[in-house]
Structure formats: C-alpha cells, structure tokens
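The values are calculated or read from the model by the stated rules, or taken from the named source; none is laboratory data. The structure presented is a predicted model; accordingly, all values stated were derived computationally and were not measured. Ideal geometry is used to build each Cβ from the backbone, glycine not excepted, and the neighbour counts take in all protein chains shown. What goes into the accessible areas is simple: the full protein's heavy atoms, side chains included, and nothing from ligands, DNA or RNA. Shrake-Rupley method; radii C 1.70, N 1.55, O 1.52, S 1.80 Å.
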Amino acid sequence: NCTIRRMEFMLLLDLEVYGNSYASIFYPFERYFKCPHCENVQLASSQDWTYVDFRFISTCQKCKHRGEMKAKDETVHSRTRTKIIRWNPQYISIQYNPITDQRKYIYQIPKWIRQRIQNKQVNKILVEDTPLEFLEAIKDRKNLQLSDSNIYHFRNPGPSGEDDAYGMPPLMPVFKDAWLFQVYKRAQEAIAMEHVLPLTILVPQAVAGASPHQNTNLSEWSRKMMEIVSMWRRDQNSIYTAPFPMTVENVRGDAGALNVSNELNQIRQNIAGGLDVPQEFIYGGLNWSGSSISLRVLENLFLGRIEQLNDFLQNFVVPKLQRFLSLPNVAIRHSDFKMADDAQQKQIALSLRQTNTISDRTTIEELGFD
C-alpha cells in the first residue's frame, strides 16, 4: 500500500510538471549462463562474472572453461521483487496515429545509462538487474519499443493539435508568468545585494566666512576621520572633536523604495489562478463556509485525479499482478474526496440513519471510522 501510494505521488508529480507520466510493471527475473563448450547451465548470481564489450565473461563451474557465456533471463514469480516503475517522460517518444488513436511507446535509452553499461569498472550492479533486451538495444545503438500491454500513460488533457499523443503540462498556460516571477526574484536579489546597506560618506561642511576646502589638508582630515570611526567601533561611548562641522551623505540604502514584493504577489495570484488552485489553499484561510466556490474548484481537480488513479489501479496494476502472481481478485479504490471536518454533512448522515434511510456502515464511514 505504501509503495503504491508513493508511486502514485511520483506519477502525479510528473503529470503536473510534464503533463505526462508513464508507469510499467517490472517482472523480476533470474539470469542464467550457458557454457558454449559443455552446455552447462548455471545461475549467474552464483558465480563471478564481468561484462566487457557487451559480452558476459565467466568461468564454467563444470568444465572450468573461461570465456564468453550465453545469457538467458527467466521470469521469476516473486511477490517481493515485483515492482511498479515509472519512466522519465523526457525519454519516452510516442508514435501516434490520429486516425485510429493507436500509440507506440519508444524508450530512448539515456546517454548516461549507455556510458555506464559500457564501463566495465562500474557496470556490474547496473547490468545484473537490466533485462537482456535493454542490453541488446544499447549494443546495437537502438531505442526500445515498450510493450503496449505493459505501459500506462497518464495524460493531461489539452486542445487538439499535431501532438495529440502527449498531454499538455498544466504549467504551460502560466509559463510566462512563472518566467516573469523568476525575473522579479532575480531583481529582488540584486536589490538586496546592492541597495539594502547604504554607503556612508563624511563630507566637510563649509561655514560662514571660511571654507575647510581652502585651508585644510583634506587627506590628513580624511585619515583622522577614519581613525575616529575605527576607535568608535571599539568604544561607542567615546567623545571626539572635529575642527569644523561635517555632514553625512548616504548612497543607496533605498531597498524599500525599490521593493518588488507587490509585483511578486500579483504574479503568484496569476499562477495560482492559472493552475485552478485557490490562493487560500496555499497560504491558508480556506474554509467550507466562506470559500465554497474555491472548494468546488479543488473538488473538480481532485475528482479527476482520483478517477485517473482508480483506473490505474483497477485496470492496470491489480489485473496484471493478479495474473502474474496468481492472486485472488480484490476490489480496490481510492477514498472519496470530502471535507474531513464537514460537521454539516456528518449531522445529515446521523439524521438519515435515525430514519433508516442509510445503513450503520455508511454512517460510520461518513464519520471517519472503520
């Protein structure tokens, strides 16, 4: 249950970012080596081997021949090793026929996997769990077509177009707003770095009938002022004298006037609105009585997600695991979306129970108990 819940979270994360997410069932296997000399078959995990130049090199336990072994994968019906995996959407290419609505899913093997597979110093852990079909595809520098029956595609709806096979990312309508938000954040960072602390300058001030600029060595005066500042930092209660008045000029220190927080807040609202997410849902303050419309917007969004996840479990995960592992049929679904603290709905359930309109079980479940 925890594994499925965690996988669903990751799949929905891909769906919200990319508009597409892909899942498959990984069926575990055991790899066997067949000696070309004596045709002895032995378990790969029971012996030492290396994978060099796309060949399995090992020593036969029967005839002691060392050289290339023929590898074969045998499926193992293990409950603990059977897993749900997700594919990175950026490596999945779809060949789509809009006339028949048929799709072929092509996995473009990433460059970093190809490099690690070919590196004999680090590839053993990766090779021992990688099916032979993937190793052959890497060897032949080809991509791999995934089985139509073993891939589930979560696709976000979008308008008709040439790329109907792909879902539209929910972030697409607010992409410019997100980009503008980052521009303002960079501007805010620059303001914080350059305009928060002022540059303080001491300036000698002219008095009536005399100008310190004409009769005083300003270099000596400047040195004296810096000494005073240095001593004052060590003792803020000291008293110092100056031969003539001074004034203080502050350069910058105007970060408050240049603050762009209002613009950032406005863009945040635009992004939340474009994603159909009430602002109160993010920053708090959402309640049933004052924001029924906002909750209805969330309800429509969550109902669609729950419907997708139910279809994923009921028509993909459970039937495949049931057939592969010879498990009994089970009924599974996600909980209904409802407010956990909706006191009015719970009171209605209790009233209906008093008139025998609904059962004890329905009432107890409505109250949140098992």
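Within the range 18-50, the residues that satisfy the criterion of being among the aromatic types (Phe, Trp, Tyr) and open to solvent by 60 Å² or more (accessible area, probe 1.4 Å) are TYR18, TYR27, TYR32. Which of the residues spanning the range 234-272 are under 30 Å from PHE175 (Cβ atoms) and open to solvent by 50 Å² or more (accessible area, probe 1.4 Å)? If the condition is that a residue be under 30 Å from PHE175 (Cβ atoms) and open to solvent by 50 Å² or more (accessible area, probe 1.4 Å), then LEU258, ASN259, ASN262, GLU263, ASN265, GLN266, ARG268, GLN269, ASN270 are the ones that fit.
Pairing residues of the range 49-70 that are within 18 Å of GLN121 (Cα to Cα) with residues that are open to solvent by 100 Å² or more (accessible area, probe 1.4 Å) and among the acidic types (Asp, Glu), at Cβ distances under 7 Å and at least 6 apart in sequence or on separate chains, gives SER58/ASP48.
When SER238 is tested against the conditions (1) among the small types (Gly, Ala, Ser); (2) free of Cβ contacts under 8 Å to residues at least 40 places away in the same chain; (3) under 18 Å from LEU258 (Cβ atoms), the lone failure is (3).
Name the pairs whose Cβ atoms lie under 8 Å apart, with the first residue in the range 106-128 and under 17 Å from ALA71 (Cβ atoms), the second small (Gly, Ala, Ser) and part of a helix (DSSP H, G or I), and 6 or more positions between them or separate chains? Note: pairs meeting the criteria are GLU128/ALA44; GLU128/SER45. Filtering the range 351-366 to residues that are farther than 19 Å from GLU299 by Cα and either among the charged types (D, E, K, R) or in contact with a Leu (Cβ under 8 Å, 6 or more places away or on another chain) (or both) leaves ARG353, ILE358, ASP360, ARG361, THR363, GLU365. Among residues of the range 346-370 that are closer than 18 Å to SER335 by Cα, those with a Cβ under 9 angstrom from a residue that is in a loop (DSSP other than H, G, I, E, B), sequence gap 6+ or separate chain, pair up as LYS346/LEU367; LYS346/GLY368; ALA349/ILE358; ALA349/LEU367; ILE364/ASP370; GLU366/LYS338; GLU366/ILE358; GLY368/ALA340.
Figure legend. Inter-residue proximity from the range 17-36: first residues closer than 18 Å to ASN315 by Cα and touching a residue at least 24 places away in the same chain (Cβ under 8 Å), second residues open to solvent by less than 10 Å² (accessible area, probe 1.4 Å) and among the polar types (S, T, N, Q), beta-carbon distance below 8 Å, spacing 6+ or different chains. No pairs are indicated. Taken together, the residues in the range 310-368 that are part of a helix (DSSP H, G or I) and either basic (Lys, Arg) or in contact with a Gly (Cβ under 6 Å, 6 or more places away or on another chain) (or both) amount to 5.
In the range 63-95, what residues are open to solvent by less than 100 Å² (accessible area, probe 1.4 Å) and of a type in the set (Lys, Arg)? Of everything in the range 63-95, those that are open to solvent by less than 100 Å² (accessible area, probe 1.4 Å) and of a type in the set (Lys, Arg) turn out to be ARG81, ARG86.
Which members of the range 96-112 meet the condition of being open to solvent by 40 Å² or more (accessible area, probe 1.4 Å) and either among the β-branched types (Val, Ile, Thr) or farther than 27 Å from ARG323 by Cβ (or both)? Result: TYR96, ASN97, PRO98, ILE99, THR100, GLN108, LYS111, TRP112.
Restricting attention to the range 318-361, the residues that are surrounded by fewer than 13 Cβ atoms within 10 Å (Cβ to Cβ) and of a type in the set (Val, Ile, Thr) total 4.
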